[in-house]
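Heads up: the structure comes next, in structure tokens.
Coordinate-derived values only; no laboratory data. Note that the coordinates shown come from a computational prediction; the quantities given were computed from them, not determined experimentally. Cβ sites come from the backbone with ideal geometry, for glycine too, and all protein chains shown count toward neighbours.
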Amino acid sequence: MFVKLLGRVVPAWVWAVVIGLVAAGGVGWWGVTAWEARIAEQEALAQELATMTANRDRWQQRTQQLLEQQRAAQERARQAEAAVAELQAALAERDADYREIQRRIRQAPAEDDGPVAPVLRQALEALP
């Protein structure tokens, strides 16, 4: 009954305008809310991107440091291998010299042999 009375007092075009305004307000409110949500999401994504970029930069820097350390270690290993090869060559040369000396001592004629002090004999025999 109240609606019938209100319908007769207020013309239909006013009701249409009121309903249109309410609908437009609802759509506007929904649009603003959705827009604010998108802005908040974009800000969160921008923050996440900044964090990921900073992490990537730190990892790249650490990778470069490790690569430099690896290069330095490889250079030290190469130098050590060269030093070992040089030392082995020197030892092989000395060994050849000692073997030649021992061969000459063993093949020396008996008349070249003579009395030697025991300390000197022990020192000579102890040589490699």
Worksheet item: Which residues, counting only those in segment 117-128, are within 29 Å of A92 (Cα to Cα) and aliphatic (A, V, I, L, M)?
Response: V119, L120, A123, L124, A126, L127
Worksheet item: What number goes with the only condition from (1) of a type outside the set (V, I, T); (2) under 43 Å from the mean Cα position of the chain (by Cα); (3) surrounded by fewer than 10 Cβ atoms within 10 Å (Cβ to Cβ) that P118 does not pass?
Response: (2)
Discussion item. Any residue that is of a type outside the set (V, I, T) and either closer than 30 Å to L127 by Cβ or part of a loop (DSSP other than H, G, I, E, B) (or both) - is there at least one of those in segment 48-61?
Written reply: no
Worksheet item: Out of all the residues in segment 95-107, which are surrounded by 11 or more Cβ atoms within 10 Å (Cβ to Cβ) and under 17 Å from A123 (Cβ atoms)?
Response: Y98, I101, Q102, I105
Response to the item:
Residues in segment 75-115 that are in a loop (DSSP other than H, G, I, E, B) and either small (G, A, S) or under 41 Å from the mean Cα position of the chain (by Cα) (or both) total 2
